[in-house]
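The next block holds one structure in the form of structure tokens; read it before the comments.
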Amino acid sequence: MTKHEPILKIHWERYRDHFTIDKSTLKKLMQPYSNDMIDDFTLLSDGCANSNYKIELARRQPVVLRIYLREKDSLSREIALYGLLAGRLPVPEIFYSDDSCTLIDHPYAIMEFIDGELMRSVILSNDESAIKESAFSAGIYLNQLRNIRLEHGGFFQDGNLTIRPFSDDEEYLSYAYSCLDHDNVLDSLGERRTDTLRGFLEKNQHFLPNKLDSNLTHADYDPANMLVKKIQNRFEVVAILDWEFAFSGSYLMDMGMFLRYSHKLPAVYEASFVKGIISEGNSLPENWKKTVKLMDIICLLSLLYWNPKNDRPNLSSDVVSLIQNTLDCWNSRFQAGS
């Protein structure tokens, strides 16, 4: 891993520009929560979609102002999910929220500020001990997440976490094929690679998880969405953030996202993550390596679908290289027990 090598989304363009806020508007947003003097506010620049500010108050602990730029319904889903997960997984508490879009044109929430370091930064430090500990902790929490069973697969419709079952077109393979038919995807992949990938998916579809699998799935489970901190001289995950894409599906998708760049990272990253997942005795499927790579290909195709190459060229280039790596290494690296 070199300093400037594209990895862990560090080179990806944002979905849209950050929401710029002035102190007068900030005071109005904060007033329902606190009238305390605002000592300082700082943009937390990580992330590709929403905008988050650390707000330092005169007489209270700092908080985070989260502004939802992508989808209005994300706020109500995150509130419900944080309520479901409280005490089970490390998530911030939401103190106040407003989806009326009256003060600004976007929903926003005021939530707990959790002191920690982005796991991505720890991994990029190349400290193998820190990587090992952080990945193991992420594996433990994914195991807890996969044990949160839901009634059936599908997408959350509202703040009550009502699940709309997948349509035929939204099932894993059908969705992948629909992405391959889209001009944005064809533009990024090229015609030859698109045809190769279509045949590859058809040939290996039996490795996809059962469509009836239905555990709570984060759907963006990667080191850019986790905070870690040394506790008793060991790195542990202290916050799992950004649940706006969560749905009811297979934990193997979350595994695929976390292991997306494992070929560019020290071997302890994958090994420790897997060790954390199985540490409480829950095994993995025999061909889990191939399954998680297929699931991640579907996620990568979705990224190409929603992000035209001309708008986010760095994202497009990185995603294509990740897909090609899976195609190239399918029979050499992703064997059971390898």
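The values are calculated or read from the model by the stated rules, or taken from the named source; none is laboratory data. Not measured: the values here are computed from a predicted model. We place every Cβ from the backbone using ideal geometry, glycine too, and count neighbours over all the protein chains shown.
Table for the structure above
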read-out: Pairs with Cβ under 7 Å, 6+ apart, first in segment 109-123 and farther than 26 Å from L57 by Cβ, second in a loop (DSSP other than H, G, I, E, B); value: R120/L8; I123/L8; I123/L265
read-out: Which listed residue, of D318, D242, D328, is acidic (D, E), at positive phi and either modelled with pLDDT of 95 or more or surrounded by 17 or more Cβ atoms within 10 Å (Cβ to Cβ) (or both); value: D242
read-out: Total residues in segment 164-204, condition in contact with a strand residue (DSSP E or B) (Cβ under 9 Å, 6 or more places away or on another chain), buried (at least 17 other Cβ atoms within 10 Å of the Cβ) and over 12 Å from I297 (Cβ atoms); value: 1
read-out: Pairs with Cβ under 9 Å, 6+ apart, first in segment 285-306 and among the acidic types (D, E), second at pLDDT below 95; value: E286/A336; E286/G337
read-out: Among residues of segment 160-216, those that are assigned to a helix (DSSP H, G or I), among the charged types (D, E, K, R) and over 20 Å from Y251 (Cα atoms), counted; value: 11
read-out: Residues satisfying the stated conditions in segment 26-52, i.e. in contact (Cβ under 8 Å) with a residue 12 or more places away in the chain and over 29 Å from the mean Cα position of the chain (by Cα); value: K28, P32, S34, D36, M37, I38, D39
read-out: Criterion violated by N282 - all others in (1) out of contact with any Phe, Trp or Tyr (no Cβ under 7 Å at 6 or more places or on another chain); (2) outside any loop (DSSP other than H, G, I, E, B); (3) among the polar types (S, T, N, Q) satisfied; value: (2)
read-out: Candidates I94, I67, I55 - the one that is surrounded by 17 or more Cβ atoms within 10 Å (Cβ to Cβ), free of Cβ contacts under 8 Å to residues at least 60 places away in the same chain and touching a Pro at 6+ places or on another chain (Cβ under 7 Å); value: I55
read-out: All positions within segment 10-52 that are surrounded by 15 or more Cβ atoms within 10 Å (Cβ to Cβ) and among the basic types (K, R); value: R14
read-out: Residue identified as over 17 Å from the mean Cα position of the chain (by Cα) and either without any contact (Cβ under 8 Å) to a residue 60 or more places away in the chain or outside the structural domain of S125 (by TED's automatic domain parsing) (or both) among N331, N314; value: N331
read-out: Per-region count, segment 226-270, residues polar (S, T, N, Q) and part of a strand (DSSP E or B); value: 1
read-out: Selection count, segment 227-281, where residues are closer than 17 Å to V122 by Cα and of a type in the set (D, E); value: 2
